[in-house]
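Some notes on the structure that comes next.
The values are calculated or read from the model by the stated rules, or taken from the named source; none is laboratory data. These numbers come from a predicted model, not from an experiment. So basically every Cβ, Gly included, is an ideal-geometry build from the backbone, and we count neighbours across all protein chains shown.
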Amino acid sequence: MEIERYDPDLPIVVNGEQVLPEVDPTKRRRQTVSVTADGSAAVQFSVAGLDIGTHHGRVRLDRQDALPIDDVRYFTFAVREPWNVLIAAGPGARAELLSEALAPYEFRVTDQARFRTTTKPAGQIASQELAAYSIVAVVDPPPLPASAWQQLAAYAQRGGAVAIFLGNNADKNSFNDAPAQELLPGRLDLQWISPQRPESFNGRADLYLAPRAMEHPMLAAFREISANVPWYDFPVFRHWSFEGNRLAEGSTVAVRFSNGKPAIVERRLGEGRVLVMTTPISDAARPAGREPWNWLSTGLEPWPYVMLVNEMMLHLAGSGEVQLNYYSGQAPQVTVASGDD
């Protein structure tokens, strides 16, 4: 695999021949692969230390095979700044359970983190400049003033991304008022409580996250490993439900619980999107004065949770929506900003 040096004047065609930028010798990688007849093999290359921007490269076979026309394949990829995420945390919510899942310390100090998080109290949402953030994650919010809900809705309408994790601080009456319903995918109903209590957990949950169809884009990373994700190791003891199982227009269920109730719902709002999870991800394993709503983020080796919240945020950020590579004959789609010629 070879990565080209950045050259704004190349590639060009001279006398019918394509002139490409030179290969950066420090960004060349080589692997030996054994492939059986009519078989295939997956190969991964890793390159670090690239500048922010768009890069081009190629993968080629060292030895020519019987069909040389496809011995070289070209690719394009982008290196970008981390997405800025505002975590607005309700009272008692352990926001670090989300921030560390998105941007672990060792990734931050080595500039490998995909997200850059800022944590504020949920009560300060109305005073924040939300446009400075790619995503706003509202973690176990309490009843908020109408101005906060309206600001979040306006942010989403303009193309922003909002994640809301409902939990112990939510109040059904307040969250069913018109300002909150501009954003939420349905009217809150009763809390669904599992008969299994934390003290009786025996290693297999009665109620747990149960992604099945894997059709939602944020679940794409789970498809090849779906049979090996131990969701039942991470019990859910309580979650919110929606009134009459009805959802607002433009809402779809991305993930359900094992009882069939919605766990994660996406709502399209204007140019943006909202993801709502009906159980929190910020409860301590043993919160003071009450039972935890789940052990998604605090169970033993909670890698499914870490993977899930990262895929949720990548989906909200639209990371998979910009196509940079095309096969011959494919028609590229170009988005033109309003007012551009």
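Aliphatic (A, V, I, L, M), surrounded by fewer than 11 Cβ atoms within 10 Å (Cβ to Cβ) and either over 30 Å from Pro287 (Cβ atoms) or at pLDDT 90 or above (or both): which single residue out of Ala48, Ala78, Ala88, Ala95 fits that description?
Only one candidate qualifies: Ala48.
Which one of Ser258, Ser282 is more than 13 Å from Leu209 (Cβ to Cβ) and assigned by TED's automatic domain parsing to the domain that holds Asn169?
Ser282
Which residue pairs have Cβ atoms closer than 6 Å, lie 6 or more positions apart in sequence or on different chains, and pair a first residue in the stretch 20-33 that is not assigned by TED's automatic domain parsing to the domain that holds Arg63 with a second residue that is surrounded by 10 or more Cβ atoms within 10 Å (Cβ to Cβ) and in a loop (DSSP other than H, G, I, E, B)?
Listed pairs, sorted by first residue: none to list.
Check whether at least one residue in the stretch 58-67 is among the basic types (Lys, Arg), without any contact (Cβ under 8 Å) to a residue 60 or more places away in the chain and within 27 Å of Tyr305 (Cβ to Cβ), and report yes or no.
no
As an exercise: evaluate Ile125 against (1) touching a His at 6+ places or on another chain (Cβ under 9 Å); (2) within 30 Å of Leu188 (Cβ to Cβ); (3) among the aliphatic types (A, V, I, L, M) and give the number of the one condition it does not meet.
Evaluating Ile125 over (1) touching a His at 6+ places or on another chain (Cβ under 9 Å); (2) within 30 Å of Leu188 (Cβ to Cβ); (3) among the aliphatic types (A, V, I, L, M) leaves (1) as the failure.
Of everything in the stretch 216-232 that's closer than 22 Å to Phe165 by Cβ and out of contact with any Pro (no Cβ under 8 Å at 6 or more places or on another chain), which residue is surrounded by the most Cβ atoms within 10 Å (Cβ to Cβ)?
That would be Met218.
Quick one: Asp283 ticks every box in (1) among the charged types (D, E, K, R); (2) in a loop (DSSP other than H, G, I, E, B); (3) farther than 20 Å from Leu98 by Cβ bar one, so which box is it?
Condition not satisfied by Asp283: (3).
Could you check, for the stretch 98-112, whether at least one of its residues is of a type in the set (A, V, I, L, M, F, W, C), over 18 Å from Ile164 (Cβ atoms), out of contact with any Leu (no Cβ under 8 Å at 6 or more places or on another chain) and assigned to a loop (DSSP other than H, G, I, E, B)?
yes
Mind listing just one residue for me: the one in the stretch 223-242 that is among the small types (Gly, Ala, Ser) and part of a helix (DSSP H, G or I) and, of those, nearest to Val253 (Cα to Cα)?
The qualifying residue nearest to Val253 (Cα to Cα) is Ser226.
Please go through the stretch 227-253 and pick out each residue that is more than 27 Å from Asn168 (Cα to Cα) and modelled with pLDDT under 95.
Within the stretch 227-253, Ala227 is the sole residue that qualifies.
Pick out the one residue from Asp70, Asp38 that is in the same structural domain as Leu10 (by TED's automatic domain parsing) and closer than 22 Å to Tyr326 by Cα.
Within the list Asp70, Asp38, the selection yields Asp70.
Within the stretch 49-82, restricting attention to residues that are within 27 Å of the chain's Cα centre (by Cα) and of a type in the set (Ser, Thr, Tyr), which residue is nearest to Arg108 (Cα to Cα)?
Thr54
Between a first residue in the stretch 297-323 that is at pLDDT below 95 and a second residue that is part of a loop (DSSP other than H, G, I, E, B), which pairs have beta carbons less than 6 Å apart while being 6 or more apart in sequence or on different chains?
Listed by first residue and then by second, the contacts come to Ala317/Ser134.
Can you tell me which residues in the stretch 138-147 are closer than 15 Å to Asn169 by Cα and not β-branched (Val, Ile, Thr)?
Matches in the stretch 138-147: Asp140, Pro141, Pro142, Pro143, Leu144, Pro145.
Can you tell me which residues in the stretch 13-45 are loosely packed, with under 10 Cβ neighbours inside 10 Å, aliphatic (A, V, I, L, M) and closer than 18 Å to Leu61 by Cα?
Across the stretch 13-45, the qualifying residues are Val33, Val35, Ala37, Ala41, Ala42.
Among the numbered criteria (1) within 30 Å of Tyr155 (Cβ to Cβ); (2) over 24 Å from the mean Cα position of the chain (by Cα); (3) small (Gly, Ala, Ser), which single criterion is violated by Ala88?
With respect to (1) within 30 Å of Tyr155 (Cβ to Cβ); (2) over 24 Å from the mean Cα position of the chain (by Cα); (3) small (Gly, Ala, Ser), Ala88 is out only on (2).
Suppose we filter Ala93, Ala78, Ala66 for residues that are in contact with a strand residue (DSSP E or B) (Cβ under 9 Å, 6 or more places away or on another chain), in a loop (DSSP other than H, G, I, E, B) and among the small types (Gly, Ala, Ser); which single one remains?
The match here is Ala93.
Looking for something out of contact with any strand residue (DSSP E or B) (no Cβ under 7 Å at 6 or more places or on another chain), under 30 Å from Val309 (Cβ atoms) and not in a loop (DSSP other than H, G, I, E, B) - is there at least one such residue anywhere in the stretch 9-29?
No.
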